[in-house]
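Below you'll find the structure, written out as structure tokens, and then a few comments.
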Amino acid sequence: MTDRLYYTDPYLREFDATVQRVETRGDRTLVTLDRTAFYPTSGGQPFDTGTLGPFRVVDVVDEDDGSIAHVVEPRTENAEPSTLNPEPNGVVHGVVDWRRRFDHMQQHTGQHVLSAAFERLFHVRTVSFHLGSDVSTIDLAREASPREIAEAEDEANRVVWEDRPVAIRFASAEEAARLPLRKEPVRGGTLRLIDVEQFDLSACGGTHVARTGGIGVIAVSRWERFKGGQRLEFVCGGRALRAYRLLRDATASSIKLLSVLPAELPSAIERLLVETKDQARVRNALQQELARYRADDLAATAELIGGAKVVLAIVDADANGLKTIATAVAAKPGHVAVAVSGSAPAALVVVSRAADGVALSAQQVIAALVARFGGRGGGRPELAQAGGLSGSPDEIVAAARTIVTSSVT
């Protein structure tokens, strides 16, 4: 059993402890101490990092026997193998990465306050919580309206700015049953309670700030439907400041590029989207018209093979362009088109044939080319394509001529 120092003092950054056990699991070295300030992954909150003597703590694991194992790595690459494991029964000095710890304290305490705000204002229960590296989430039992979200956000920040005390209490399961806990505990025994003065009381083993003012600010960044309820993303404190800076810089760059005022940015983007769609329609129409002209030119060069008019051509176009041209050629009665890209490092091929009058499977032609040159492809008897062929365009055209000849004669 490890004495969890963060239970009573989440602000403890450094400590000394005795090494109780050192073991290797796979390629990981795990150190168990008699006491620790490092928080293990638990309850939706990630683990702490930091150092133990000459080692980096890269993971912290809550073991089944109640102990806490610290996954460590040497802090220097040239460390001798004999120094990779801390000495059992020796004393080691631990230092918690405070920036990471305090960030987690802000987010986790902010979650308590935000969840309590939804519960108090609208009787909306928080089903689960996750603290991520950039944003945190709470899953609500039902969907909240934008108005409800804004009101809960305002209420949560009112509590933050009132700088209320956040106390740590311990109670037995029997005592806790008589207390107004926001959520029923999932385990028995002695419970650790986090008490946000006159606002929230919850059983929790995580790390929290001592006063709500330490949260800084709580901002809901987005939400979506999730498993019959709603998932809210939020940021607190330092994360909220970083998110604001990112939004500020992105907005400033956008309004400069578009030469509009901030309030005009959404309509300017909408206008650009409409113009882009219009331009795409015009471009597609022009490409189709150009493809028909190119198809007519290519059809004029068709070779008569076994009664079929076969076009074998190297075309500078992407997959869509090849498909458009080959399909346009094959729209002519009795025609077959094999279009090979001339610009891609790994060749693209499209094979198309007329709907009637040609005894040829485009799918089989592609399969034969893939078998010889590699790549991947497929399609239907009327139209098939492949990409990633390793041969040169000339080699692929020559092989296609042989395959088509053997198929239609």
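The values are calculated or read from the model by the stated rules, or taken from the named source; none is laboratory data. Remember, predicted model here, so these are calculated numbers, not experimental data. Please note: Cβ atoms are built from the backbone with ideal geometry, for glycine as well, and neighbour counts cover all protein chains shown.
When region 53-109 is limited to residues that are surrounded by fewer than 17 Cβ atoms within 10 Å (Cβ to Cβ), β-branched (Val, Ile, Thr) and over 18 Å from GLU23 (Cβ atoms), the one that is modelled with the highest pLDDT turns out to be VAL95.
Could you please find all residues in region 355-364 being closer than 11 Å to LEU383 by Cβ and not in a helix (DSSP H, G or I)? Across region 355-364, the qualifying residues are ALA355, SER361. Of all residues in region 1-42, those satisfying the criterion of being within 27 Å of VAL209 (Cβ to Cβ), surrounded by 17 or more Cβ atoms within 10 Å (Cβ to Cβ) and in contact with a Leu (Cβ under 9 Å, 6 or more places away or on another chain) are THR2, LEU5, TYR6, PHE15, ALA17, LEU33, THR36, ALA37, PHE38. Going residue by residue through region 64-71, is there one that turns out to be hydrophobic (A, V, I, L, M, F, W, C) and more than 27 Å from GLY237 (Cβ to Cβ)? The answer is yes, given that some residue of region 64-71 is hydrophobic (A, V, I, L, M, F, W, C) and more than 27 Å from GLY237 (Cβ to Cβ).
Among the residues that make up region 78-87, is at least one of them in a strand (DSSP E or B), of a type in the set (A, V, I, L, M, F, W, C), in contact (Cβ under 8 Å) with a residue 40 or more places away in the chain and not assigned by TED's automatic domain parsing to the domain that holds VAL196?
Checked against the condition, which is being in a strand (DSSP E or B), of a type in the set (A, V, I, L, M, F, W, C), in contact (Cβ under 8 Å) with a residue 40 or more places away in the chain and not assigned by TED's automatic domain parsing to the domain that holds VAL196, region 78-87 yields no hits at all.
The single condition among (1) part of a helix (DSSP H, G or I); (2) of a type in the set (A, V, I, L, M); (3) surrounded by fewer than 16 Cβ atoms within 10 Å (Cβ to Cβ) that ILE149 does not meet is (3). Reported count of residues in region 365-394, each being free of Cβ contacts under 8 Å to residues at least 40 places away in the same chain and either touching a strand residue (DSSP E or B) at 6+ places or on another chain (Cβ under 9 Å) or not in a helix (DSSP H, G or I) (or both), is 16. Looking across GLY307, GLY228, one residue alone is out of contact with any Asp or Glu (no Cβ under 6 Å at 6 or more places or on another chain), more than 23 Å from GLN107 (Cβ to Cβ) and assigned by TED's automatic domain parsing to the domain that holds HIS112. It is GLY228. Evaluated against (1) within 30 Å of the chain's Cα centre (by Cα); (2) β-branched (Val, Ile, Thr); (3) closer than 15 Å to LEU201 by Cβ, THR137 falls short on exactly one condition, (3). The single condition among (1) outside the structural domain of GLN230 (by TED's automatic domain parsing); (2) not in a strand (DSSP E or B) that ALA117 does not meet is (1).
If the condition is being under 29 Å from the mean Cα position of the chain (by Cα), closer than 16 Å to VAL209 by Cα and of a type in the set (A, V, I, L, M), then region 142-164 contributes only ALA156.
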